[in-house]
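Here is the structure we will look at, set down as structure tokens.
The values are calculated or read from the model by the stated rules, or taken from the named source; none is laboratory data. Values in this document were obtained by computation on a predicted structure and should not be read as measured data. Positions of Cβ are backbone-derived with ideal geometry, glycine not excepted, and every protein chain shown enters the neighbour counts.
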Amino acid sequence: MVLSGKQRAAMLLMGLDALTAAELLKGVPPETVQELAVELAYLDASGLCNPKQSTEVAVQFCTLLEKQSGFHCQSFLDTMLKSTLGKDKADLIQTQIQSLLKKRDPFISIRSADLTTLAAVLEKEHPQATAVVLSELTPKRSSEILSRFDEGVQLSTVSRMAEAANVSPEAKQRIAEMVCERLESFSGSGDGVMQPEQSLRKVAMILRNLGKDLREGLLNAIQEKDSDAAEKVASLMVVWDDIPSVTDRSMQEALRGVDSQKIALALVKAEDEIVAKIKANISERAAASIEEEMSLMSTPKKTEIQDGRNEIITILREMNEKDELNFIEE
């Protein structure tokens with residue numbers, strides 16, 4: 001990508017600490033500082049800021065950039081702007097930056113959204129809107145989201161993706177705004193409100209780490225007040241996405257009694273981390289058998305995949321109830 005002069009300047013600033021950058025910008029007109037800040041935020045949000053690109057801009061900053069473990073754009077911007085312009089003006093510019101970024105690329109915030117939340121939101125949207133959004137994401141991310149849809153939604157969406165290129169920029173802008181609103185509403189990020197299932201999952205994870213007797217006592221207390229909530233909390237203590245966090249010994253014990261065909265079904269369209277975890281905890285012979293099962297398998301139904309996963313999760317939940325399931329300590 002050919003960088004503009006302002007983008008080159010912004011990339012140079014990224015190679016400095018915030019205070020040094022602020023010192024360099026003293027005396028620079030506020031309008032120019034704002035333009036540089038916008039370019040800096042855009043490069044970061046778009047994933048265009050990388051060591052290779054930075055080296056092309058300024059070789060003398062290459063070593064410094066490689067030593068950085070990560071660039072925290074928001075913190076850098078905040079310190080730089082406040083040191084240069086003062087808190088009030090910096091806050092105003094930050095707001096303006098977000099507005100300008102959305103105008104330049106309305107899908108930026110959608111690209112970084114939680115995968116599960118985004119899939120849940122898009123599955124309920126009109127297939128044309130979903131097709132437009134997926135066309136703006138990376139192929140891998142789009143595939144992962146599509147795999148979570150029902151077959152009917154998958155077909156409707158894919159059939160419209162070829163037409164997404166014909167959608168006007170104005171229509172794309174409206175679709176992006178609509179999806180962003182749905183994401184904020186779905187996750188509660190707009191007002192800090194946690195959705196019911198998120199709240200119950202948090203409770204479940206807290207109880208999961210307690211001793212068996214204390215855990216059962218607290219579950220019984222929840223049961224007396226709300227039986228549905230208690231049942232939901234119990235089921236949310238161990239979910240499919242928890243598999244990478246289960247210790248190898250517990251995983252081996254759980255998989256010992258699961259039929260290879262069920263495991264093969266469970267691994268269809270599963271996340272790479274989960275596939276690796278399961279294959280690492282079965283014998284080479286079992287892994288080869290599963291690979292063969294998957295290669296001979298016609299496209300399974302979503303319900304069949306879920307049944308396979310449920311069998312594994314049911315065993316893990318039973319082990320958890322007996323206090324026999326261990327998780328990797330973070």
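Table for the structure above
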quantity: Qualifying positions in segment 295-306 - surrounded by 15 or more Cβ atoms within 10 Å (Cβ to Cβ) and farther than 12 Å from LYS262 by Cβ; calculated: LYS302
quantity: Lone qualifier among ALA288, ALA270, ALA264 - being of a type outside the set (Ser, Thr, Tyr), without any contact (Cβ under 8 Å) to a residue 60 or more places away in the chain and exposed (fewer than 14 other Cβ atoms within 10 Å of the Cβ); calculated: ALA288
quantity: Test: LEU200 is at pLDDT below 80, more than 18 Å from LEU316 (Cα to Cα) and touching a Leu at 6+ places or on another chain (Cβ under 9 Å); calculated: yes
